[in-house]
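The values are calculated or read from the model by the stated rules, or taken from the named source; none is laboratory data. Here the structure is a predicted model, which means the values were calculated and not measured. Glycine gets a Cβ as well: all are built from the backbone with ideal geometry, and neighbour counts include every protein chain shown. For the accessible areas, the whole protein counts, side chains as well, though only heavy atoms, and no ligand, DNA or RNA atoms are used. Shrake-Rupley method; radii C 1.70, N 1.55, O 1.52, S 1.80 Å.
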Amino acid sequence: MIEIPKAYEPQSVEDKWYDFWVKQNCFTADPARVSEKRPAYSIVIPPPNVTGVLHMGHVLNNTIQDILARKARMDGKEVLWLPGTDHAGIATEGMVAKQIRKEEKKSKQDIGREEFLKRVWTWKEKHGGIIIAQLKKLGCSCDWTRERFTMEPDYVRNVQRVFVDLYKKGLIYRGKRMVNWCPATLTALSDEEVEMKPQKGFMYHFKVEVAKSAALGSATVPVADSGISPISSSRTAIPVGETSTGAGETPALPGPDGKIWLTIATTRPETIPGDTAVAVNPKDARYAHLIGKHIVRPLPAELPREQKLIPIIGDEHVDFEFGTGVLKVTPAHDKADFDIGTRHKLPLIEVINADGSMNDLAGADLKGLDRFKARKVAVEKLTELGALVEEKPYENNVGFSQRADVPIEPRLSEQWFLKYPAVEKSKACVEQEDRTGLGGTGYQPVTVGNLPTVSEASGRLPGATGQWPVPPGQKMRFHPQRWAKVYDHWLTNIQDWCISRQLWWGHQVPVWSCSCNSSEEFTKAKIAYDYLLVEQLERADLVVRPKGALEFTGESVSVSIRKIKEELGFSSFEEAIKEHFRRQTEGYGSGSLQVCIGPDSLEVAEKLEKEFGFTQDPDVLDTWFSSWLWPFATMGWPEQTETLKAFYPTTDLVTAPEIIFFWVARMIMAGYEYMGELPFRDVYFTGIVRDKQGRKMSKSLGNSPDPLELIAKYGADAIRFGTMRSAPLGQDVMFDEKDVELGRNFCNKLWNACRFRQMVGSDGSQTEGEINPTLLTSDDKWILLRLDQAIREVSDALAGYNFSSAVQTLYRFFWSEYCDWYVEASKAAMGNTEGGTRNAEQEKLKANKLAVMDFVLGHTLRLFHPFLPFITEELWHGMGFNRELPEDRGGKTIVFATWPKPFSEEERTYFGLDDAADKIASAKYELVSLGRSLRRELKLDPAKKLKFTLKPAGELPANEVEVLKLLLNAEAVEIVAQTWTPAKGTPSASNSLGELFLPTTGLIDFTAERERRAKEAEKIRAEVEKVRQKLTNPSFAQKVPAAVLAEHQQRLAGWETKLRQVELSLENLPEA
RNA sequence: GCGCGCUUAGCUCAGUGGUAGAGCAUUACCUUCACACGGUAGGGGUCGCAGGUUCGAAACCUGCAGCGCGCACCA
């Protein structure tokens, strides 16, 4: 550190040290080094989108992980922070498709699957490194030698392996279901990817005519008699007025025209052509008698009346208080309606295409229109027909595609579903809040208070990596714990996971099948089946599943017949036998072979494609279907690698609560299913980063600052510090650029404090000299005690994942305690003495003080390192604190310097860190503040150096007086004897150290002084009154603990003394 | 509708039974040889509201209100 710039310049420092760390393999984890003495600590990064860019959420999240990882290194652990990226199916595919559309005016279909995927890989090569480079800028200490990607070959094989396994276990199945369809990206989505948003729209009421029974043609759909349970049927017989609900006073009866009209409420009139029934609640007295009759569906208008007769059915699902109590049922376009349709075996009429446009069945008026345009037209049409009764503004919740931000279209389609594995275990393993405090399991939740103290923490935490398997009853903990409840709730109501996506970029479903549309194909399939049955004997990752007609070719005739009978509900075997033979001979068309093939049997797939005309399922898997394997799939699984053995299960997971279902819960299930163990022990959920108005940061709002710009402007340490400081435990983060500015200022303060140390000790010989306890002043002891306190607080805060609290302690300690008081006070021993030369004793005191400074700064840099990695490394070397340390303990880099420990009892005794010294220094600083206030309030010329007089309460060494003089910016502090009395009206202030006078003959504004003291007296009187009132309360003295009573009495005495002094000085004040 | 969280100084937040705090912002002053990305001093709060428990409540209990977030098939 030769030329020390006046201000810290992060730009010149950060890249230099990052390169150094990487070149020196500081972040590379070595499983061979893990031992009893050097436990493993691991985190897997929540993989960011490979083509994404860093945003404030990443900054928050990764700074926390880096703090944990760096702290663990300093604790002497072998640390693996495993980085990587996620292929992000929909997002990446969307970006590439958009680019192609823009640049070549082509769709992805135009260029074809193979070519498209090539383009995605090119895109990935180009943009994939961006976010990784950005994480490096932030200072993240990831093990880059282990960087992983969810689409790399090994990972792909793992995804396939898991798919085959779950398929084999019967947990993965293909089914025709109502799914959340995104008309923009043309794919199905899982329930988790749908976001409910309140939407302003209209509720339309339209009337339909109930057809007379005679009008019923044979073409109409019969009402399934299973639709109404006997109970509800009997309920319909209850006379009006006796229904317990009291709803529906009057049954709907024919009007003057002899017709019965029903009014139906809907928000989606465009789906009317898809209605196949209207439903009423069988308990609803208004309508129950109409069940079994039909209504005339108004749309499509051009259809003849008899083709638009749909039944009125009774279904408990209908809420008769909502709308009109009559529900139109569109089984093909609504989840609830689909269920009703299933219950009543209603036909399905699809009227909307995959892209959200209306098809031919929607009728001539709507055909080809977009669904929203169609809504308007449908309303116009209803109006024209005289069917529209009412149209009123209405707000309801509409599901939106999280990615494309367009309303979801519930749509019937064939998809792959997963029944989640290990649900019960996953549910049980997370510690739930114990409100009773009884702890039924016998397990004591480990809170911050129960964690080992700092000195113990250099060893292993209970249950940390290296102590697996976890003893029974020990659980995973969420921080803040309330998320455990959210997690539990989701698992309790868990639905099968729709894992297929109609995309190209991703893990293609490893299932092959053949078509059987002709007898030749059918025969071929039968041959293929025989071949596969043989292959299956030898291969663990090959599963053949015959469907339809082929299902029975491999079974005995009797099994087949029994199955058919069951499936089709035949009452006798006779019909089943007929069906069996029909299928055997002409069953093709309904048959197929589903073959699920793992990574080790791909040659079978090849053969199937070539020789039997099989094709692979075109769908890809949900991105989360690869992410949920992340903790172990990144460590070499399924091999029992050294990495996996040493670092799995991981120690901490840091992630956003938004992906608790998407990712965390699923990783836990996968962990149990494939590793037989939890994937991590503690999960820390960050807050959501919001702008200062409390709005979520988003691209569309443009309220998200670019972290890279902030880093360029303020430095990486600054953004880390600022973010951590404003991120309270478990709350959202209100981000303000001011926070980063504050971080920069802090770094600058740290820089300059070190610079000061360099300047006062420029002879360079005293670096980390031994501290001589006999030469320690009260200031020295005071700062050592404050440091000790800071170490405890920061260590505890980190153990409890309370990052903002840790940072606040550091801020207070360094800025207020070290810089404002200790450094200022130390100047008394540093500066040029007015007499010119310094004697030998002064030199000794100064040298000792420099040793104390080095001790404190050395500890401070280490305390700060996890938060401010760059500046601490720069100063660590610049100050030479690394010089005498072993290579692997801070000699080479602060990364491996040991985490500071609080003083032991022996050290306290050795340095003489007792209460007395602490109290003297504290009182001294307090008196300084009082003295400064005095001169300020007396409105004295600030430029003028003043003489103070001090009447000490006890013995006061000369060096303490020197400090007082300096801090008071006084010309002199004269010490006077107890017998000394000030001139009448001398302004004064006092505390336990003594009485401080400001003899200011002729200078003083007595009116101001009188005012000041009167005000002070009033304040004190109020305090006295407050305490006195408490003490005079008879029950107070009786019931309060002795210590509290004594404390109050002492307090009262203190205030009373103070009051007397002030009153006296007020009396002494001469008239103005 | 159910669940969760929040409400303390202008702002962001600490504070889980015993004297209401921090940082920022603000006001005044200071360019004193580490730092103006700085220093010194000051002003500023019926702790959302109403009850209750207690000698004592910002904190514990009950209710209410406002804000935010999840979950839920209400057309």
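Laid out as a table, the results:
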read-out	value
Percentage relative contact order, region A:736-902, counting C-alpha pairs under 8 Å, at least six apart	29
Total formal charge among the other residues, if their Cβ is under 15 angstrom from that of A:Ser816, Lys/Arg +1 and Asp/Glu -1	-2
Net +/- balance of residues flanking A:Gly356 in space, Cβ distance below 12 Å, scoring K and R +1, D and E -1	0
Burial order of peptide ranges A:330-339, A:749-758, A:912-921, A:1046-1055 (average beta-carbon count within 10 Å, highest first)	A:330-339, A:749-758, A:912-921, A:1046-1055
Antiparallel content of DSSP bridges confined to chain A, in %, to 5	70
Between region A:103-179 and region A:757-826, the alpha-carbon center distance in angstrom	49
Carbon and sulfur %, accessible surface of chain A computed with the full protein complex present, 1.4 Å	52
Cross-link pairs A:Lys207/A:Lys335; A:Lys23/A:Lys136; A:Lys77/A:Lys901; A:Lys37/A:Lys901 - those with Cα-Cα distance over 21 Å	A:Lys207/A:Lys335
Net lengthening on full extension, A:Thr641/A:Asn517 (0.36 nm per residue, minus Cα-Cα)	39.9 nm
Percentage relative contact order, chain A, counting C-alpha pairs under 8 Å, at least six apart	13
Cβ-Cβ FRET estimate between A:Lys945 and A:His489, R0 fixed at 60 Å, reported to 0.05	0.30
Projected area averaged over orientations for region A:967-1028, convex hull of C-alpha atoms, nm²	6.0
Surface accessible to a 1.4 Å probe, per residue, for the residues of region A:1-115, Å²	43
Set of lysines near A:Lys108 by C-alpha distance (under 16 Å), chain-local residues within fewer than 8 positions excluded	A:Lys98, A:Lys118
Among A:941-951, A:1031-1041, A:781-791, the order from most to least packed when residues are scored by Cβ within 10 Å on average	A:781-791, A:941-951, A:1031-1041
A:His317 - accessible surface, heavy atoms, 1.4 Å probe, Å² rounded to 10	100
Euclidean distance between Cα centres, region A:56-70 to region A:339-382, Å	49
Euclidean distance of C-alpha centroids, region A:882-952 and region A:665-691, integer Å	44
Listed residue pairs exceeding 26 Å between alpha carbons, taken from A:Lys200/A:Lys485; A:Lys200/A:Lys696; A:Lys844/A:Lys924; A:Lys102/A:Lys200; A:Lys849/A:Lys965	A:Lys200/A:Lys485; A:Lys102/A:Lys200
Size of charge dipole - chain A - debye, nearest 20, with Cβ of Lys, Arg +1 and Asp, Glu -1, no other charges	1300
